[in-house]
Structure formats: C-alpha cells, structure tokens
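What follows is calculated from the coordinates using simple rules that are stated; it is not laboratory data. All values reported here derive from a predicted model rather than from experimental measurement. Note that we place each Cβ from the backbone using ideal geometry, even for glycine, and neighbour counts take in every protein chain shown.
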Amino acid sequence: EDGGSDTKTYKVGIDTTYPPFEFEVDGEYTGIDIDLIKAIAKSQDFEIEFSPMDFGGIIPALQADQLDIAIAGMSITDDRKKVVDFSDPYFEAGLSLVVAADNSEITSLEDLEGKTVAVKSGTTGAQFARDNEAEYGYTVAQFEDSPSMFQEVSNGNAAVLLEDYPVIAYAIAESGLDLKTAGERLTGDEYGIAVLKGENDEVLKQINAGLQELRDSGEYDEILAKYIAE
Ligand code: GLN
C-alpha cells in the first residue's frame, strides 16, 4: 500500500435505458445496478468508469477487452457462462408477456399464433422468443433498447413483448406506459455481475466480497428499497 496510488480503475458496461436498474436522471446514472457497483467499488477500494451501451453490445465489449465489468440487469445463463464469469446472484427476475393495457385476448404463449412479439437484442427475452417461435407460430421483431421495444406494443405494431417482470412493473408505474403483464411468469432467473471468463478472478472475488458486505450491513436492502416499492 502506498497511499492508494495503485488504485485500479475498471470500465463498467451498463445498459442505461433499463430502469430501475440503470437509467439517467439529469445527466447522472442512477438505479439499483449503479448504486450497487458504486458501493462495491467503495468497499473494495477500486475506481469505476461507466460505459453506457445497448445491452446486446455488452458481452462482445467484454470479449473485446473494452470493458472490465458488466452490470446490466444481466441474467445468469449457461450460454453466457461459456464466455463470462458471473458474481454471486444479486437479484431474482424472469420473463413475462407484456401487452397493451386494453388487450384481453392474450394471456399465454398459446394466444400468440400469427402475432408479432417484440424483444430486445441479446437478451434472455430474445432467446426465449426464438426458442419458442416455431412451436407457437409468432413472428419475432428485434429492437436495440427497451424503450423502442415498449413503444412497439404501445403503438400497436406488435401485440406483445417479453421483458423481465421487475423492469416492466417499474416502467408501467413510473412512465405511465399503457401496458400490462399478461398471464403467468414464463421463466425465473437471477442477475449477476459479469467479467470476462477465466481472466478476472481477482476482481470477481472483490465483487463477491463487496456484495456480501453490502448484504451484511443492510446497504443492499436500502438500495433496493430506494427503487422498488414493496
Ligand atoms: N435480464 C435480461 C437478460 O439478461 C435483460 C437484461 C437487459 O435488458 N438489460 O438478458
């Protein structure tokens, strides 16, 4: 230790149109992911620099060494584990169907025949839509960010979209979107913080230690409560 002059700075990839996890207010990044990674950095004594991008670009940017860390409401999946290492899980989520508020016709995947399903590139929603497209006979329309995908259902171009239920609940409550979730939740998963696979054990250990510290101190619960109403 020599007075902190060797403090590392990590580039952190974020998906900035993903409230309540990450979004911008008055030019500042805010949200659950932003507060968590800032608190982890503080506890583990490293610096961070945010790098906002479309979700679909985040894992490629880790692979291209343009990012050190990604925190983006990213679900831990076996496919992704082939290229990234995940931290301990920090949030439970999963996919729901989302339709226009006045749509009473769609309540399950069986109702999607001939419909258009809007998804966001690179997400678990996009993967789920592709995996089930042939069976249920819908067409997939892909968008680069969540607001564009929401818009597509709001304006009636697509009948339904797939989104993580905590995210859509927040979007409906906060932005007054005329949308609602339909039917049962389709999947359950957990969010993790990602680093490039195999080369980042040190930072991954720090992230997990920081997460644990936040859980023990109660700061983790405070951060969640700030953004998510009970
Ligand atoms: N949780 C979803 C996924 O990992 C969506 C993430 C996002 O859109 N930022 O694919």
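How far is helix 32-44 tilted, in degrees, relative to the longest principal axis of the Cα atoms in the chain, given as a value from 0 to 90 rounded to the nearest 10?
The angle comes out near 20 degrees.
Tell me, what ³J(HN,Hα) does each residue in segment 157-167 have, in order and in whole Hz, if you take phi through Karplus 6.51 cos²θ - 1.76 cosθ + 1.60 with θ = phi - 60° and put x for Gly and Pro?
Karplus values, whole Hz, x for Gly and Pro: 6, 10, 7, 8, 9, 10, 8, 5, 5, x, 6.
Take the Cβ-Cβ distance between Thr181 and Asp6 as r, set R0 to 45 Å, and report the resulting FRET efficiency rounded to the nearest 0.05. Don't skip to the end; give the middle numbers.
Working: r = 48 Å, r/R0 = 1.07.
For R0 = 45 Å, the calculated efficiency reads 0.40.
Angle, helix 201-217 long axis vs. longest principal axis of the chain, Cα atoms, 0 to 90°, nearest 10?
With rounding to tens, the tilt is 80 degrees.
Given the DSSP H assignment, sum -39500 (n - 2.57) over each helix run of at least 4 residues in the chain and divide by its residue total; what's the result at 222 nm in deg cm²/dmol, nearest 500?
-10500 deg cm²/dmol
Sorted by mean Cβ packing within 10 Å, highest first, what order do the peptides 39-52, 185-198 take?
With the highest mean Cβ count within 10 Å placed first, the list reads 185-198, 39-52.
Determine by what factor the alpha-carbon radius of gyration of segment 95-182 differs from 2.2 N^0.38 Å, reporting the quotient. Write out the running numbers ahead of the final one.
Details: Rg = 11.5 Å, N = 88, 2.2 N^0.38 = 12.1 Å.
The value comes to 0.95.
Which of Lys197/Lys226; Lys38/Lys205; Lys82/Lys115; Lys42/Lys120 have a Cα-Cα distance over 25 Å? Before the final figure, lay out the partial values.
Numbers: Lys197/Lys226 32 Å; Lys38/Lys205 16 Å; Lys82/Lys115 33 Å; Lys42/Lys120 32 Å.
Correct reply: Lys197/Lys226; Lys82/Lys115; Lys42/Lys120.
For labels at Glu190 and Lys226 in the simple 7 Å Cα→Cβ model, what's the distance in nm?
The modelled label-to-label distance comes out at 2.4 nm.
Once Lys and Arg get +1 and Asp and Glu get -1 on their Cβ, which of Ala229, Leu97, Val25 lies farthest toward the positive end of the dipole of the chain?
After comparing all options, I get Leu97.
Starting from 0.36 nm per residue, how many nanometres of slack lie between Asp45 and Ser104 once their C-alpha separation is accounted for? List each step's numbers first, then the result.
Values: separation 59, 0.36 × 59 = 21.24 nm, distance 5.16 nm.
Fully extending the segment from Asp45 to Ser104 adds 16.1 nm.
Could you check the simple spin-label distance between Asp88 and Glu213, using points 7 Å along Cα→Cβ, in nm with one decimal?
Calculated label separation equals 1.4 nm.
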